[in-house]
Amino acid sequence: RNLHPMLIADSVPPFDDPAWIYEVKWDGERCIAYLDPMKINGTELRNKRNRTLLFQVPELSTIHKQVKKPCVLDGELIAVKAGKPSIYEIQRRTMMHNPLRISLAGKQGPASFVAFDCIWLDGMDLMTTPLLERKAALQRNVMENKRIAVSRAFAGTGTVLYELVKEQK
């Protein structure tokens, strides 16, 4: 329970390369999700400092029911405001300690978890498995709904994706 999410490294200008895949940075808080569909309380969320986050986002307490097998996912917590992910909203949520304020914030802008990677699946460490195989395992294991989604990857089209995201602010 002491894994750390992969963080963005050096910033480089957008580029196209068929050997690369590209994904949207969702403007949220990186997080590791420990999910076990066989347990009643099978969702645990931890940030890059290994601090538990589920108390601040209780609407995500059942996302373990959306996976077929126990897994550990690297992803991002997001909260949407005015139709767009808001780093401010999710950071505000993860700093709250008052249950009433947390409940109100969850109703105003519910959180979601967007998974980028599957690093452990059903007893198998996948960290040395090629990325595209881990992404395929992620896609097979997660049943998406409003609270959990799988990030989509785009091959070779970094500049186009960057311009689209920039256009959407």
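Of all positions in the stretch 93-109, at least one carries a residue that is in contact (Cβ under 8 Å) with a residue 60 or more places away in the chain and under 26 Å from residue 57 (Cα atoms). Might you check whether a residue that is more than 23 Å from residue 143 (Cα to Cα), open to solvent by 70 Å² or more (accessible area, probe 1.4 Å), in contact with a helix residue (DSSP H, G or I) (Cβ under 8 Å, 6 or more places away or on another chain) and of a type in the set (A, V, I, L, M, F, W, C) occurs anywhere in the stretch 74-82? Scanning the stretch 74-82 turns up no residue that is more than 23 Å from residue 143 (Cα to Cα), open to solvent by 70 Å² or more (accessible area, probe 1.4 Å), in contact with a helix residue (DSSP H, G or I) (Cβ under 8 Å, 6 or more places away or on another chain) and of a type in the set (A, V, I, L, M, F, W, C). For the stretch 12-70, a tally of residues being in contact with a helix residue (DSSP H, G or I) (Cβ under 9 Å, 6 or more places away or on another chain), of a type in the set (Val, Ile, Thr) and closer than 23 Å to residue 133 by Cβ returns 3.
Inside the stretch 98-131, residues that are over 15 Å from residue 55 (Cβ atoms), among the small types (Gly, Ala, Ser), in contact with an Asp or Glu (Cβ under 8 Å, 6 or more places away or on another chain) and surrounded by 20 or more Cβ atoms within 10 Å (Cβ to Cβ) make up a count of 1.
The values are calculated or read from the model by the stated rules, or taken from the named source; none is laboratory data. Predicted model, so just to flag it, every value in this text is computed and none were measured. Because the Cβ atoms are built from the backbone with ideal geometry, glycine has one as well, and the counts that use them run over all protein chains shown. Heavy atoms of the whole protein, side chains included, go into the accessibility calculation; ligands, DNA and RNA do not. Shrake-Rupley method; radii C 1.70, N 1.55, O 1.52, S 1.80 Å.
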